[in-house]
1. Taking V36, is it among the β-branched types (V, I, T), more than 16 Å from S5 (Cβ to Cβ), within 13 Å of the chain's Cα centre (by Cα) and modelled with pLDDT of 95 or more?
2. Look at the range 51-97 and say how many of its residues are of a type in the set (S, T, N, Q), at negative phi and crowded, with 20+ Cβ neighbours inside 10 Å.
3. Is it fair to say E68 is in the same structural domain as S98 (by TED's automatic domain parsing), acidic (D, E) and modelled with pLDDT of 95 or more?
4. Identify, by number, the condition in (1) in contact with an Asp or Glu (Cβ under 9 Å, 6 or more places away or on another chain); (2) under 25 Å from A133 (Cβ atoms); (3) small (G, A, S) that A202 doesn't meet.
5. Which residue pairs have Cβ atoms under 8 Å apart, sit 6 or more places apart or on different chains, and have a first residue in the range 178-195 that is part of a loop (DSSP other than H, G, I, E, B) and a second that is surrounded by 15 or more Cβ atoms within 10 Å (Cβ to Cβ)?
6. Taking A89 as the residue in question, decide whether it is more than 28 Å from G166 (Cα to Cα), modelled with pLDDT under 95, among the aliphatic types (A, V, I, L, M) and not assigned by TED's automatic domain parsing to the domain that holds E176.
7. Could you check A40 against (1) small (G, A, S); (2) touching a residue at least 40 places away in the same chain (Cβ under 8 Å); (3) under 22 Å from E115 (Cβ atoms) and say which number it fails?
Amino acid sequence: MAHASVRGVTLHYEVIGEHGPWVALAPGGRRGIEGVASIAQRIAAAGYRVLVHDRRNCGASDVSIDGEGSEYEIWADDLHALLVQLGAARAFVGGSSSGCRMAILYALRYPQAVEGLLIWRVTGGGTAARRLARNYYTQYIEVAQQGGMAAVCESEHFKARIAERGENRARLMAMEVPRFIGVMERWNRYFIDGIDLPIIGATEQQLRSIAAPACVIPGNDNSHPRRVGENLVTLLPNAELHSLGLKDYDLDLSPRDEWNEREPALAEFFTDFMARVRAKSAF
C-alpha cells in the first residue's frame with residue numbers, strides 16, 4: 001500500500017499489476033480499496049495495471065469536508081490528479097454505484113484522459129436519491145447540529161475513518177460546525193436534485209456528450225434499478241449493454257453474495273471490452 005499527496009489531502013492507494021494499460025476502479029458506497037480489490041486482481045491478471053484507492057473521506061485516506069462542487073466531482077478531480085502523478089495519461093475508469101457516478105463525472109471533466117468506461121450497478125431514481133442523501137449527509141448534519149464536531153467524530157462512519165487514520169480526528173475537530181453543515185448540505189443537494197435525472201449526477205445532455213466507449217452492467221435493486229442502467233446505454237453514444245443474469249429484487253440493495261459469485265463473469269466482460277477498444281484504436 002502507498003500514500004500520495006493529492007490536492008491538499010493524503011490518499012491511500014495501490015497499483016495492482018506492473019505492466020499494461022491503466023485501469024482505475026472505485027467501489028460502491030463509501031467502501032475502501034477492499035470493495036474492488038478482488039475484481040482488480042482479476043483484471044490485472046489479464047495484463048492491466050489497476051489503480052484502486054481510498055477516496056477522500058473513505059478508508060485510510062484523509063477526511064476533508066471541503067472543496068467546491070459535489071463530493072463526487074471532488075473525487076473525480078482527485079483521481080485525475082493521482083493518475084497524472086502515476087504517469088497515466090489515459091485510463092479505463094470505472095466503478096460500482098458511487099464509483100460509477102465518479103467515473104461518469106470523470107469522463108465529463110476529463111474526456112481526453114478516458115480510454116473507456118467500466119460501469120456496473122448504476123444508481124438512479126427517487127428511492128436511491130433520498131436514501132443515499134440521508135446515509136451520506138443528512139444524518140451527519142443532524143449529529144453536528146445536536147452534538148457538534150465531537151459527536152461527528154463518534155458517529156459510525158467518521159469514527160472508522162479516525163481508527164484507520166488518526167490524524168482525521170484533528171482535521172474534523174478543527175472544523176467549525178456551520179462550515180461542516182454548509183458543505184454537507186451542498187453535497188446533499190447533489191442527490192436531492194438528482195431525483196429526476198437519468199442517473200444521479202448527470203443530465204441527459206451531459207451523458208449524450210460522452211464520446212468514450214462504455215461497458216455497462218445494470219443493477220438489480222431499488223437503489224440500482226435495471227431500467228436506469230438500460231436507459232444509460234441508450235444515452236451514451238458508444239455504450240454496450242451486458243447482463244450477469246441476476247434476478248431483480250424489490251429491496252434497497254440486492255444480496256452482495258450474488259454479485260460476488262458473478263465476479264469472474266463481470267471481469268471477463270470488462271477485459272474483453274477493453275481488448276476490443278484497444279484493438280480498434282490501434283487502427
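1. Values: among the β-branched types (V, I, T): yes; more than 16 Å from S5 (Cβ to Cβ): yes; within 13 Å of the chain's Cα centre (by Cα): yes; modelled with pLDDT of 95 or more: yes.
So V36 passes the test.
2. Here is the first cut: in the range 51-97, the residues of a type in the set (S, T, N, Q) are 57, 61, 64, 70, 85, 96-97.
Applying the additional criterion that residues be at negative phi yields 61, 64, 70, 85, 96.
Filter again for crowded, with 20+ Cβ neighbours inside 10 Å, leaving 61, 64, 70, 96.
Looking only at that region, the number is 4.
3. Values: in the same structural domain as S98 (by TED's automatic domain parsing): yes; acidic (D, E): yes; modelled with pLDDT of 95 or more: no.
Spelling it out, it is not the case that E68 is in the same structural domain as S98 (by TED's automatic domain parsing), acidic (D, E) and modelled with pLDDT of 95 or more.
4. A202 satisfies all of (1) in contact with an Asp or Glu (Cβ under 9 Å, 6 or more places away or on another chain); (2) under 25 Å from A133 (Cβ atoms); (3) small (G, A, S) except (1).
5. Within 8 Å, the pairs are G194/G124; G194/A129; G194/I200; G194/G201; I195/G125; I195/A129.
6. Numbers: more than 28 Å from G166 (Cα to Cα): yes; modelled with pLDDT under 95: yes; among the aliphatic types (A, V, I, L, M): yes; not assigned by TED's automatic domain parsing to the domain that holds E176: yes.
Spelling it out, A89 is indeed more than 28 Å from G166 (Cα to Cα), modelled with pLDDT under 95, among the aliphatic types (A, V, I, L, M) and not assigned by TED's automatic domain parsing to the domain that holds E176.
7. Here A40 meets the rest and fails (2).
This table checks each residue for (1) β-branched (V, I, T); (2) under 26 Å from D257 (Cβ atoms).
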| residue | (1), (2) |
| --- | --- |
| G8 | no, no |
| W22 | no, no |
| R30 | no, yes |
| I33 | yes, yes |
| V36 | yes, yes |
| V50 | yes, yes |
| N57 | no, no |
| E68 | no, no |
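The values are calculated or read from the model by the stated rules, or taken from the named source; none is laboratory data. This structure is a prediction, so every number in the text was calculated from the model and none was measured. Backbone-built Cβ (ideal geometry, glycine too); neighbour counts: all protein chains shown.
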